[in-house]
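Remarks on the structure that follows.
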Amino acid sequence: MAKPVVRANKLLVGYGGAPVCAPVSFTLPEGRALALVGANGAGKSTVLRAVIGLLEPSGGSLTVLGAPVDERSVQFRAKVSSVLDDDAYFPALTVAEHLYLTARGHGMLGAHALVEELLEEFGLTEHARSLPTALSSGQRRRLLLAAGFVRPRTLLVLDEPEQRLDLRMRSALAERLIAEKEAGGAVLFATHDAELVRTVADRAVYVDDSSSPLLGAAEAATRIAAEPA
Amino acid sequence: MNDEWLADPVEGEEHVGLDGWPAVAEADLGEVPLAIELRRFTRKAARTRAGASLGSLLGGVYYAVIVAGTGVLLGLGIAQQLRVSLPPPPATADFSLSIPTLVAVILLALAGGLLSLAGRLGPVGAGGAEAAWWLSLPVDRRALLRPAALRLPMTAGAVFAVLVGLLDGGLLADNQGHLLRGAISGALAGVLIVVGAGLAQTAGASRRATAVAGDLLMLAALVGAVVLAATGRSIDRLPAPGWVAVGVLALVLVGLAVLMDRRLGRIRERGLRESGSVASQAAGAVVSMDSRELGRALADGAVRPTRRWVSRLRTARGAASALVTADLVVLRRSVRHLVQLAVTASVVVLVTLLPQLATEAGVLAAVMIAGYLAASATAEGARRAEMAPILDCLLPLAPTTVRRLRMAVPAVVMLMWSFVVFVALGRWAGDLPGWLAMGVASTPAWAAATVRAAYRPAPDWQKPLVATPMGALPTGVASVLARGPDVVVLGMLPLWIALVLRSVSPTLILAQVVTSVVAVLVASSTSTKSFMERAMDAQEADRASREGAGR
């Protein structure tokens, strides 16, 4: 049986003591992907923030890699890669240098070759020497996603990775995430994209304020499709 | 559903811990570099692309030194002039403070202010790109955070050295050896306060707790001044720290700084991000000279993270009353602003009671500055509305009407504030009913000034610079920053005349009524241009139309 990378048991998250959603329970084993789905403001991102240590859980239990979450641990940071919506960049570093900084910071060998490979994959080769201020919103999003893959990881956490990506790039991202699972990595992502859930996720948690049930990927995709636009 | 997805531990499963987890791309892993190497990499790239020549860098340093030096010398001159002009403490007064006591009170208040500021800013944080790209790296975070951890203590030390030097050399006028020791002690104390706040942060204390401790220290300074004045206790001379004491203080500080440095890695990422975000917002506000944004950054930096109760807005019966009710709710929820009102009123009362400060000039300065700070506390609703203009557009009201309605809460609150202050002025100058009438007459002008300041447009950096001995002065910025204070100075001219004369007359009260009406009309205007600019625009348009008719 695959080892559980993330285990949340009646996990309660919120701000100022007030929970934002019903308690969430799930286990994410290695080599699998779990999607968090639900309406805007349901609490998906808040759950993700708790998993990567940016928010103290209000209740329940949460372990990542078999230990309580503590992002101050070097080992935790070495194994958990997260891509949130941090639209912030060093103004003087180019696109390639941002990726190189991340790769070298994690001790990746052959960082230059790896960076070039990811620039190609995320359609940023032409912008390798551009400063982030010269990029479009979608290109900046691709840079953030590439940074999530330019480093080693056991758990990959993504917050609505489909945002600001065109259809071709969404499809490439889905393939990338499937490859991630096949390589033994665990993927936890929040999304509104039914297709991404259907193709990548093995299970999904429908985050809501009344109950947050664990669903099959197909059922979750159907629920997303049924949500009002 | 398969057991592996359930949250409950599976029987026989081992607790694996952080070790022993295979990672994707692990085979390509080498040695993780030192944090300092990553910092150097980022700094080198920034230096390469900075685009600033050595000449412009030296020019910037030159201006900074000239501005700082001129400011310090001006401050010293004012402080020395103040010492000469202040009357000696009367031998028989019931209520008085000696200058050394006053300096001690000011120093305590400054220490509280610095602690409060350090708490609101973190003091250690990592904002923007640093948070996004550095904090996730598996390196010793201390080396990444060290520059940020040093910035505020060093700045505080420099500012405190100057302030203590000004107070010591100006108001106390001791010998130069004492002055140097005082300035060094001030610098060390400033650094110590921020390092103390940093240690509290590494121990997990909330930024709010540190900020509140600083606020309480400031309040204690004010209460202490009142108690000392009321009981007639004063100190004749502030003890000068000896060189041994300065050395011991420096050693203690080094020890605490090393301890803080060792514990930097204990600060959680969310705390670093929050502090970094507040510091970036505050720094941006200072650079763009936006006092409203600075106030928002520092106020939000210490807000309690709890959910608000939902106000039922019972007094909202229509668009106008909804707007006024909303302003009232904003004020009622901001304890900081209510404290600001109480403290500013107390300061004026204290100044009128202290024989050394209760000169015409002293009382005028106290009423003007404290009054404007008090009025500023009442216009948070207007400031928020200026930041998000949609709030004003939501209600079916003309923009001019919105501005006038935004003056309602400030006017009512300033009426209550004025009652306390003008009773004290009545006691100070005699003729209590006359001063109370003057207080009522001036209330609309306070409200007009604060609403005008709240709605001031963004500074215009395109306008020409004026060369001054202190460097280039951007006129577009100065004219914008003057919006609000200009109404205080001009719209309350009869009150200032009455304070200078220490006497109030029906003519002055009537004149104040007229200037208050004018102030309200000026503050109701939605035009972002000054009167002069509008006159020039009208002249230009008139000339253009005449030329068009001539053709």
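The values are calculated or read from the model by the stated rules, or taken from the named source; none is laboratory data. Bear in mind the structure is a predicted one, so any value in this text is a computation, not a measurement. We place every Cβ from the backbone using ideal geometry, glycine too, and count neighbours over all the protein chains shown. Note: areas computed on protein heavy atoms with side chains; ligands, DNA, RNA excluded. Shrake-Rupley method; radii C 1.70, N 1.55, O 1.52, S 1.80 Å.
Specify the inter-centroid distance of the stretch A:131-164 and the stretch B:23-64, based on alpha-carbon positions, in whole Å. If we compute the Cα centre of each part, the gap is 22 Å. The HN-Hα couplings worked out from phi for the stretch B:376-387 by the Karplus form 6.51 cos²θ - 1.76 cosθ + 1.60 (θ = phi - 60°) are 4, 5, 8, 10, 4, x, 5, 5, 5, 5, 5, 5 Hz, whole numbers, x standing for Gly and Pro.
Relative to the dominant Cα principal axis of chain A, helix A:95-105 is inclined by about 70°. With the charge dipole of the protein assembly as shown set up from +1 on Lys and Arg Cβ and -1 on Asp and Glu Cβ about the Cα centre, the Cα lying farthest toward the positive end among the listed residues B:Leu394, A:Ala2, B:Val84 is that of B:Val84.
Dimensions of the stretch B:319-550 from C-alpha coordinates, computed as largest minus smallest value along each principal axis and given longest first, are 66, 44, 38 Å.
Could the peptides A:168-174, A:180-186 be put in order, highest first, of the mean number of other beta-carbon atoms found within 10 Å of their residues?
Working: A:168-174: 17.0, A:180-186: 19.1.
Descending mean neighbour count gives A:180-186, A:168-174.
Quick check on chain B: helices-only [θ] at 222 nm, where DSSP H runs of length 4 and up contribute -39,500 (n - 2.57) each and the sum goes over total residues. Nearest 500, please. Walk me through the intermediate numbers first.
On the way: 23 runs with 381 residues, N = 551.
So the calculated ellipticity at 222 nm is -23000 deg cm²/dmol.
Legend: residues B:Leu490, A:Leu158, sorted from most to least accessible area (1.4 Å probe; ligands, DNA and RNA excluded), read B:Leu490, A:Leu158.
Sorting B:Ser525, B:Ser442 by accessible area (1.4 Å probe), largest first, what list results?
Numbers: B:Ser525 35, B:Ser442 0 Å².
Per-residue accessible area, sorted high to low, gives B:Ser525, B:Ser442.
At R0 = 22 Å, how high is the FRET efficiency between B:Tyr62 and B:Gln462 if r is their beta carbon distance? Nearest 0.05 is fine. Spell out each step's value before the answer.
Values: r = 24 Å, r/R0 = 1.11.
Result of the calculation: an efficiency of 0.35.
Here the contact order of the stretch B:319-550, divided by its residue count and restricted to Cα pairs under 8 Å and six or more residues apart, works out to 21 percent. Near A:Met108, the amide H atoms lying under 5 Å from its own belong to B:Gly30; only residues 5 or more places off or on other chains count, and H is placed 1.01 Å from N. For the stretch B:93-300, the residue among B:Leu251, B:Ala200, B:Ser116 whose Cα projects farthest onto the positive side of the dipole built from Cβ charges is B:Ala200. Which of rounded, prolate, oblate describes the stretch B:145-248, given a ≥ b ≥ c as roots of the alpha-carbon gyration tensor eigenvalues and a/c under 1.5 marking rounded, otherwise prolate only if a/b is larger than b/c? Oblate, because a/c is 1.5 or more while a/b does not exceed b/c.
Which order do the peptides A:91-97, A:34-40 come out in when sorted by mean C-beta neighbours inside 10 angstrom, highest first?
Working: A:91-97: 20.1, A:34-40: 22.4.
Peptide ranking by packing, descending: A:34-40, A:91-97.
Remark on A:Val187: its backbone amide H falls under 5 Å from those of A:Arg32, A:Ala33, A:Leu34, A:Leu156, a criterion applied only to residues 5 or more positions apart or on other chains, H modelled at 1.01 Å from N. Look at the Cα gyration tensor of the stretch B:93-300: its axes a ≥ b ≥ c give a/c of at least 1.5 with a/b over b/c, and that counts as prolate.
Let me have the relative contact order for chain B, percent, based on Cα pairs under 8 Å that are six or more residues apart.
Working: 684 pairs, mean separation 76.9, N = 551.
Relative contact order comes out at 14 percent.
Tell me, what is the per residue accessible area of chain B in Å², probe radius 1.4 Å? Walk me through the numbers before you get to the answer.
Working: 28130 Å² over 551 residues.
Result: 51 Å² per residue.
Of all aspartates and glutamates in the structure, those lying under 13 Å Cα to Cα from B:Lys463, and not within fewer than 8 positions of it along the same chain, are B:Glu533. Principal-axis analysis of the Cα atoms of chain B puts helix B:141-166 at an angle of about 30° to the longest axis. Karplus-derived 3J(HN,Hα) values for the stretch B:430-441, using 6.51 cos²θ - 1.76 cosθ + 1.60 with θ = phi - 60°, are x, 6, 4, x, x, 5, 5, 5, 5, x, 5, 5 Hz; glycine and proline are entered as x. The mean number of partner chain beta-carbon atoms within 10 angstrom of a residue's beta-carbon across peptide A:99-107 is 6.
Accessible-area rank, largest first, for A:Phe26, B:Phe419: B:Phe419, A:Phe26, with all protein chains present and a 1.4 angstrom probe. Taking the accessible area of the stretch A:85-229, probe 1.4 Å, and keeping the other protein chains in place, the carbon and sulfur fraction comes to 50%. Amide H to amide H, with H built 1.01 Å from N, A:Ser130 comes under 5 Å of A:Val95, A:Ala96, counting only residues 5 or more places away or on other chains.
Each peptide in B:186-192, B:450-456 gets a packing score, the mean of other Cβ atoms within 10 Å over its residues, and the list from highest to lowest is B:450-456, B:186-192. Across the options B:Leu57, B:Ala279, B:Ile369, the greatest Cα extent toward the positive end of the charge dipole of the protein assembly as shown (unit charges at beta carbon of Lys, Arg, Asp, Glu) belongs to B:Ile369. Mean separation of Cα pairs under 8 Å and 6 or more residues apart, divided by the residue count, gives the stretch B:93-300 a relative contact order of 41 percent. Mean partner shielding of peptide A:144-155, defined as the number of other chain Cβ atoms within 10 Å of each residue Cβ, is 3.
Chain A against chain B buries an accessible area of about 5600 Å², both chains summed, 1.4 Å probe radius.
For chain B, give the magnitude of the charge dipole about the Cα centre (Cβ charges: +1 Lys/Arg, -1 Asp/Glu; no others), in debye to the nearest 20.
Working: 50 positive and 37 negative charges, 242 e Å.
Here the size comes out at about 1160 debye.
In debye, nearest 20: dipole of the stretch B:319-550 around its Cα centre with unit charges on the Cβ of K, R (+) and D, E (-)? Show your work: numbers first, answer last.
Working: 18 positive and 13 negative charges, 85 e Å.
Around 400 debye, computed over the stretch B:319-550.
Ligands, DNA and RNA aside, A:Asp70 has an accessible area near 50 Å² when probed at 1.4 Å. Rolling a 1.4 Å probe across all protein chains gives B:Ile99 an accessible area of roughly 30 Å². Going by the alpha-carbon gyration tensor, a ≥ b ≥ c the square roots of its eigenvalues, is the stretch B:213-370 rounded (a/c under 1.5) or, if a/c is not under 1.5, prolate (a/b greater than b/c) versus oblate? It is oblate, given that a/c is not under 1.5 and a/b is not larger than b/c. In sequence order, the stretch B:477-482 has phi-based couplings of 6, 4, 5, 6, 5, 6 Hz under the Karplus curve 6.51 cos²θ - 1.76 cosθ + 1.60, θ = phi - 60°, and Gly or Pro positions carry x. Taking the 0 to 90 degree range and rounding to the nearest ten, how far is the long axis of helix B:54-85 tilted relative to the main principal axis of chain B, both from C-alpha atoms? The two axes meet at around 50 degrees. List for the stretch B:131-165: residues with 10 Å² or greater reduction in accessible area, all protein chains versus chain alone, probe 1.4 Å? Residues losing area: B:Ala132, B:Trp133, B:Trp134, B:Ser136, B:Leu137, B:Pro138, B:Val139, B:Arg141. Simple spin-label estimate for B:Arg332 and B:Ala478 gives 4.4 nm between the two label positions (7 Å along the Cα-to-Cβ direction from each Cα).
Using DSSP to define loop residues, name the chymotrypsin sites (Phe, Trp or Tyr not before Pro) in the stretch A:118-210 whose beta-carbon has at most 14 other beta-carbon atoms within 10 Å. Kindly include the intermediate steps, with their values, before the conclusion.
On the way: sites: A:Phe122, A:Phe149, A:Phe189, A:Tyr206; in loops: A:Phe122.
Filter output for the stretch A:118-210: empty list.
Quantify, in whole percent, the carbon and sulfur part of the accessible surface of chain B (1.4 Å probe; protein heavy atoms only).
Heavy-atom surface of chain B belonging to carbon and sulfur, 1.4 Å probe: 67 percent.
When the alpha-carbon atoms of chain A are used, the pair Rg, Dmax equals 17.2, 49 angstrom.
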